[in-house]
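> Before anything else, here's the structure in question.
The values are calculated or read from the model by the stated rules, or taken from the named source; none is laboratory data. These numbers come from a predicted model, not from an experiment. Quick reminder, even Gly has a Cβ in these numbers, built from the backbone with ideal geometry, and neighbours come from all protein chains shown.
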Amino acid sequence: MDPYRTRRLNQALRNSLAELLQVAVKDPRVGFVTINKVELNRDHSVARVAFTVLGDEDERTTSLAGLKKARGYLQSRLARGLQLRQAPELRFEYDDSVERGIEMDEVLDDLAARGEFLTDAERRRRLTLADLVPPADFMAGLRAARNLWVVPHHNPDPDAAGAALALVEALRASGREAVVVGYPDPPAGLPDLPGYSDVIAGEDLAALLDEDPPDALVLVDCHRIDRCGPLEDMLEGLETRWCIDHHLVSGRKAPEPGWNEPRACSTCTLIHRVIEDLGRGTNEDPPFALTLDMATNLYAGLLNDTGGFRFDNTGPLSFELAGQLAALGVDTAKVAALTLHRHRREGFDLLKKVIGTFAYHADGRVAVGHAGIAMMEETGAVPADTEGFVNMVMAVEGVEMAAFLKETEPGVWRTSLRARLGADVQAVAARHGGGGHLQASGCTLEGDIVELSAMLARELTAALDA
Ligand SMILES: [Mn+2]
């Protein structure tokens with residue numbers, strides 16, 4: 001059947017029906033009926049008539065009864081009026097699309113009020129400390145333990161170490177035994193944090209495990225023991241494990257139970273919430289207040305994980321916590337001087353060499369540099385010493401994108417890519433099987449450093465105007 005004819009007929013039927021109901025049907029029950037739509041089926045034998053009526057459920061029922069009663073009359077009048085060989089059979093249906101529309105608006109309003117349509121950035125702007133509530137099972141797990149080991153990830157940074165130190169002090173204040181587990185040769189700055197002299201590492205740890213094994217482990221700033229490097233084997237035998245972390249869960253292995261909250265800019269932010277909760281006390285546990293040492297350790301993590309409040313994970317929440325900690329008397333300048341952008345002497349000697357490798361491309365808009373194994377051997381530096389090198393070159397005027405390659409095994413280069421706000425290096429990383437964020441991504445490349453550097457220079461230059 002010609003679809004245009006069907007559409008015209010639908011329209012004609014609707015108009016005629018509306019008119020007939022107004023002038024020809026005497027039944028008072030159909031007085032307030034409105035015909036919204038008529039839809040003929042394929043062979044025009046049936047017409048579905050969608051109507052609404054002013055009034056309530058009862059009104060609907062009586063109107064429908066009136067329409068059904070008038071059906072025969074209406075069909076014959078329509079056939080005559082529209083000169084149809086055979087009138088379609090009219091099937092009246094109450095049209096609730098308007099009501100459903102109103103309901104849908106209410107649902108949408110409700111979702112909007114709950115922040116469902118906000119961008120991630122808008123949501124982060126609204127987040128406050130009070131929104132971060134430690135899970136009840138995690139808190140119950142902590143309270144059930146009497147002797148805890150708190151374990152930062154291998155190659156601990158100030159967030160991992162600060163979180164462990166602050167949590168252990170709080171657990172002790174709540175009447176528990178607690179120990180910070182550490183690693184030999186901590187990075188510069190960490191030993192200056194309050195309480196660091198109590199950290200137990202190396203052989204002392206093995207001895208402690210024999211003498212006085214813990215009844216629970218708490219991993220901080222990581223969510224699986226495979227992030228604990230040389231400690232993994234030792235920790236594997238301890239069955240009660242919790243984690244508190246702000247990293248996205250990746251890989252196939254499940255995280256330990258606990259609290260993983262990627263909206264937090266640092267693990268120390270989450271530890272602050274846990275300490276406040278523990279500090280309220282219970283029938284069995286004494287209340288206590290956040291001390292200056294706890295606050296100092298928490299501030300160290302917050303400051304470093306936000307890159308000194310410069311990274312894009314920095315939001316009102318970061319400053320809310322910073323404000324509270326500073327108000328407790330934290331010496332913020334001292335913490336920054338001790339922990340932020342620190343280098344070991346070996347790392348600085350490596351930096352002197354690395355800076356010489358940086359070359360500019362695309363009129364200085366792209367910079368590419370590297371640290372090879374030979375350079376690290378000459379200076380005594382390790383790959384972890386290169387932390388932050390790529391950010392230094394991003395601070396050079398005119399540089400919009402940078403790549404920094406560090407050799408982890410002969411011919412294998414762990415590559416960090418950076419871009420200014422608004423640009424995108426993620427696509428370049430993804431092309432080589434890597435990933436990350438738009439402005440900070442990474443991938444692993446294999447080959448000759450001269451060729452790899454030239455390739456990255458080309459790809460980043462192409463991405464500049466993409
Ligand atoms: Mn962290």
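> Only one of these is in the same structural domain as Thr314 (by TED's automatic domain parsing) and within 13 Å of the ligand (Cβ to nearest atom): Ile275, Ile271, Ile225. Name it.
Ile271
> In addition: Taking the conditions exactly as written (within 16 Å of the ligand (Cβ to nearest atom) and in contact (Cβ under 8 Å) with a residue 12 or more places away in the chain), does Pro134 satisfy them or not?
Judged against the criteria, Pro134 is not a match.
> Another one. Being surrounded by fewer than 16 Cβ atoms within 10 Å (Cβ to Cβ), in a helix (DSSP H, G or I) and in contact with an Asp or Glu (Cβ under 9 Å, 6 or more places away or on another chain) is the filter here, so list the residues in the range 428-448 that pass it.
Listed by number, the list holds a single entry, Arg431.
> Given the options Glu211, Glu261, name the one that is among the acidic types (Asp, Glu) and within 16 Å of the ligand (Cβ to nearest atom).
Answer to the selection: Glu261.
> Give the range 240-255 a look and list any residue that's more than 16 Å from the ligand (Cβ to nearest atom) and either in contact with a strand residue (DSSP E or B) (Cβ under 9 Å, 6 or more places away or on another chain) or within 22 Å of Gly202 (Cβ to Cβ) (or both), or say none.
Thr240, Arg241, Trp242
> So, one more: Go through (1) more than 15 Å from the ligand (Cβ to nearest atom); (2) in contact with a helix residue (DSSP H, G or I) (Cβ under 8 Å, 6 or more places away or on another chain); (3) not small (Gly, Ala, Ser) one by one and return the number of the condition Asn147 breaks.
Against the list (1) more than 15 Å from the ligand (Cβ to nearest atom); (2) in contact with a helix residue (DSSP H, G or I) (Cβ under 8 Å, 6 or more places away or on another chain); (3) not small (Gly, Ala, Ser), Asn147 comes up short only on (2).
> Working carefully through the options Leu40, Leu118, find the one that is in contact with a strand residue (DSSP E or B) (Cβ under 9 Å, 6 or more places away or on another chain), among the aliphatic types (A, V, I, L, M) and outside the structural domain of Cys268 (by TED's automatic domain parsing).
Leu40
> So how many residues does the range 404-425 have that are among the small types (Gly, Ala, Ser), farther than 21 Å from Arg365 by Cα and not in a loop (DSSP other than H, G, I, E, B)?
Number of matching residues: 0.
> Sticking with this one: If I go through the range 245-280 residue by residue, how many of them are at positive phi and either crowded, with 16+ Cβ neighbours inside 10 Å or within 14 Å of the chain's Cα centre (by Cα) (or both)?
1
> Mind checking whether some residue in the range 229-239 is under 22 Å from Leu190 (Cβ atoms), within 15 Å of the ligand (Cβ to nearest atom) and surrounded by fewer than 17 Cβ atoms within 10 Å (Cβ to Cβ)?
Among the residues of the range 229-239, not one is under 22 Å from Leu190 (Cβ atoms), within 15 Å of the ligand (Cβ to nearest atom) and surrounded by fewer than 17 Cβ atoms within 10 Å (Cβ to Cβ), which makes the answer no.
> Among the numbered criteria (1) in contact with a Phe, Trp or Tyr (Cβ under 7 Å, 6 or more places away or on another chain); (2) more than 16 Å from the ligand (Cβ to nearest atom); (3) at positive phi, which single criterion is violated by Gly202?
With (1) in contact with a Phe, Trp or Tyr (Cβ under 7 Å, 6 or more places away or on another chain); (2) more than 16 Å from the ligand (Cβ to nearest atom); (3) at positive phi applied to Gly202, the lone miss is (1).
> Now, a different point. Scan the range 209-224 for residues that are touching a residue at least 40 places away in the same chain (Cβ under 8 Å) and either surrounded by 15 or more Cβ atoms within 10 Å (Cβ to Cβ) or under 12 Å from Val151 (Cβ atoms) (or both) and report the count.
9
> Let me confirm something: among Leu209, Leu217, Leu193, which residue is modelled with pLDDT under 95 and either within 21 Å of His272 (Cα to Cα) or of a type in the set (A, V, I, L, M) (or both)?
Leu209
> Another question about this same structure. Taking only pairs six or more apart or across chains, which ones have beta-carbon atoms under 6 Å, a first residue in the range 376-403 that is at positive phi and assigned by TED's automatic domain parsing to the domain that holds Ala419, and a second residue that is in a loop (DSSP other than H, G, I, E, B) and not basic (Lys, Arg)?
From the range 376-403, the pairs are Gly398/Gly364.
Residue-by-condition table, conditions (1) more than 31 Å from the chain's Cα centre (by Cα); (2) assigned to a strand (DSSP E or B); (3) crowded, with 17+ Cβ neighbours inside 10 Å:
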{"site": "Glu320", "(1), (2), (3)": "no, no, no"}
{"site": "Val330", "(1), (2), (3)": "no, no, yes"}
{"site": "Arg342", "(1), (2), (3)": "no, no, yes"}
{"site": "Leu350", "(1), (2), (3)": "yes, no, yes"}
{"site": "Val354", "(1), (2), (3)": "yes, no, yes"}
{"site": "Glu378", "(1), (2), (3)": "yes, no, no"}
{"site": "Ala402", "(1), (2), (3)": "no, yes, yes"}
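> Working carefully through the options Pro213, Pro255, Pro262, find the one that is assigned to a loop (DSSP other than H, G, I, E, B) and in contact with a Cys (Cβ under 9 Å, 6 or more places away or on another chain).
The match here is Pro255.
> Another question about this same structure. Could you list all residues from the range 301-316 that are buried (at least 24 other Cβ atoms within 10 Å of the Cβ) and away from the ligand (no atom under 11 Å from the Cβ)?
Answer for the range 301-316, where residues must be buried (at least 24 other Cβ atoms within 10 Å of the Cβ) and away from the ligand (no atom under 11 Å from the Cβ): just Leu303.
> Of all the helices (runs of 4 or more DSSP H) wholly in the range 118-208, which have at least 1 residues that are touching a Ser or Thr at 6+ places or on another chain (Cβ under 8 Å) and crowded, with 18+ Cβ neighbours inside 10 Å?
136-144, 158-173
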